[in-house]
Amino acid sequence: MKYIIGIGGVTNGGKTTLTNRLIKTLPNCCVVHQDDFFKKPDQIEVGDDGFRQWDVITAMDMESMTNTMKAWMENPVKFARSHGVPLSSAPEESNPDEQTHILIVEGFLLYNYPPLLDVFDKSFYITIPYEECKRRRSTRQYTVPDPPGLFDGHVWPMYLKHRREMESSGLHIECLDGLRSKEEIYTQVYESIQNNLLNRL
């Protein structure tokens with residue numbers, strides 16, 4: 001069985017922390033990080049707000065990301081092995097092709113790209129309030145540092161815009177409160193996934 005989990009949400013909400021924890025506990029689990037598909041800085045347009053448009057879907061090579069996900073969907077065993085993901089050591093008679101294989105797709109604009117909306121078996125979205133998000137963002141070191149005013153002038157307005165788009169997409173998304181402890185968020189998500197998997201067997 002193949003099972004795809006989306007972990008979306010606001011910048012600095014805790015998506016990667018949650019993903020890294022799940023990878024360690026879910027069987028045959030691979031991950032695709034949307035951040036790995038950002039285009040080069042010179043390919044990022046400058047918008048009317050005066051900032052390079054990093055927080056929009058066109059800043060990423062979504063075709064390449066979709067192809068990566070398709071490669072997993074076509075052959076999760078081969079994908080796992082080529083990415084150094086250990087497969088569950090089940091009884092010898094069980095075939096890896098017959099086990100449950102999980103793909104986590106993690107990113108801040110997961111649910112704003114129509115070609116991918118129907119691939120997720122379970123979708124999560126982490127939110128945190130403006131002040132906390134701004135505080136966390138200010139402590140992060142990025143390869144391309146944030147210019148002054150970027151958060152208020154581009155990052156947060158784009159987050160609100162894309163969240164509205166996501167909410168009107170009709171996709172069933174389980175929202176997570178990013179202010180709760182990492183342990184609480186992990187437990188909520190892990191139990192939700194386990195229940196959902198059991199219902200599919």
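The values are calculated or read from the model by the stated rules, or taken from the named source; none is laboratory data. Just so it is clear, the model here is predicted, and its values are computed rather than measured. Neighbour counts are summed over all protein chains in view; Cβ atoms, including those assigned to glycine, are modelled from backbone coordinates with ideal geometry. Protein only, heavy atoms only, side chains kept; ligands, DNA and RNA dropped before computing areas. Shrake-Rupley method; radii C 1.70, N 1.55, O 1.52, S 1.80 Å.
Just a yes or no: is a residue in the stretch 40-58 among the charged types (D, E, K, R), over 19 Å from TYR159 (Cβ atoms), assigned to a loop (DSSP other than H, G, I, E, B) and open to solvent by 70 Å² or more (accessible area, probe 1.4 Å)?
Of the residues in the stretch 40-58, the ones among the charged types (D, E, K, R) are 40, 42, 45, 48-49, 52, 55.
From what is left, the residues that are over 19 Å from TYR159 (Cβ atoms) are 40, 42.
Pick out the ones that are also assigned to a loop (DSSP other than H, G, I, E, B) and you get 40.
Narrowing further to those that are open to solvent by 70 Å² or more (accessible area, probe 1.4 Å): 40.
So far as the stretch 40-58 goes, yes, one or more of its residues are among the charged types (D, E, K, R), over 19 Å from TYR159 (Cβ atoms), assigned to a loop (DSSP other than H, G, I, E, B) and open to solvent by 70 Å² or more (accessible area, probe 1.4 Å).
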Pick from the stretch 72-92, criterion at pLDDT 90 or above and closer than 17 Å to ILE5 by Cβ, ranking: surrounded by the fewest Cβ atoms within 10 Å (Cβ to Cβ): MET73
Looking only at the stretch 41-64, and only at residues there that are more than 12 Å from PRO147 (Cβ to Cβ) and of a type in the set (Gly, Ala, Ser), the one that is farthest from the chain's Cα centre (by Cα): GLY47
Subset of the stretch 8-26 (residues that are touching a strand residue (DSSP E or B) at 6+ places or on another chain (Cβ under 8 Å) and part of a helix (DSSP H, G or I)): LYS15, THR16, LEU18, THR19, LEU22, ILE23
The one condition in (1) free of Cβ contacts under 8 Å to residues at least 40 places away in the same chain; (2) among the acidic types (Asp, Glu); (3) farther than 30 Å from VAL46 by Cα that ASP146 fails to fulfil: (3)
Hits in the stretch 126-175 (condition: open to solvent by 40 Å² or more (accessible area, probe 1.4 Å), over 14 Å from PHE51 (Cβ atoms) and hydrophobic (A, V, I, L, M, F, W, C)): LEU160, LEU171, CYS175
Matching strands (runs of 3 or more DSSP E) fully within the stretch 99-199 where at least 3 residues are at pLDDT 95 or above and farther than 21 Å from PHE38 by Cα: 122-127, 174-177
